Amino acid sequence: MKKTYIFIICSIVVLVFCGIGLHGNISGEKFDSNKWKTTKLDNEHDMSLRWDMMNSLRNNHKLVGMSKNEIIKLLGKPDSSFSTPKTFRYFLGYAHFGIDTGSLIIEFENETVENYLVTRG
């Protein structure tokens, strides 16, 4: 019984410290389609803007099931050098972890979004 209490207390302490550690790295930047499409990721002020909007984008827009045209209207044209007819890739900029960068990869099947993932690195 005593070991259970110690485990619970240690788990709570770890969760609190993880929450504090991540607090500065998870942005609450609201997704703005116009800002997403016009941001200059080589500008120091905007280099992580898309990354900062990812949580809002995922939480407020149901990407799965959207058509290619809807995705382009929402996010603009994908990065041409890394995209194919079945996969769109959007560079997210810096991920607030040193020089780590990220990408949003959207996979299509029959012209609609089947899956998407956010990558780092």
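Some points to look at:
- Leu74 meets the conditions (1) surrounded by 14 or more Cβ atoms within 10 Å (Cβ to Cβ); (2) out of contact with any His (no Cβ under 7 Å at 6 or more places or on another chain) in every case but one. The failed one is (2).
- Pro78 vs. criteria farther than 17 Å from Leu57 by Cβ and in contact (Cβ under 8 Å) with a residue 12 or more places away in the chain: no
- When Asn60 is tested against the conditions (1) of a type in the set (S, T, N, Q); (2) more than 22 Å from Thr112 (Cα to Cα); (3) open to solvent by 100 Å² or more (accessible area, probe 1.4 Å), the lone failure is (2).
- Count of residues meeting criterion [over 20 Å from Met53 (Cα atoms) and open to solvent by less than 80 Å² (accessible area, probe 1.4 Å)] in region 77-114: 6
- Taking the listed residues Thr87, Thr119, the one that is without any contact (Cβ under 8 Å) to a residue 24 or more places away in the chain and in contact with an Asp or Glu (Cβ under 9 Å, 6 or more places away or on another chain) is Thr87, with no other qualifying.
The values are calculated or read from the model by the stated rules, or taken from the named source; none is laboratory data. A quick note: this is a predicted structure, and the numbers were derived from the prediction, not measured. Every residue, glycine as well, gets a Cβ built from its backbone with ideal geometry; the counts of neighbours run over all protein chains shown. Keep in mind that these areas ignore ligands, DNA and RNA; they rest on the heavy atoms of the full protein, side chains included. Shrake-Rupley method; radii C 1.70, N 1.55, O 1.52, S 1.80 Å.
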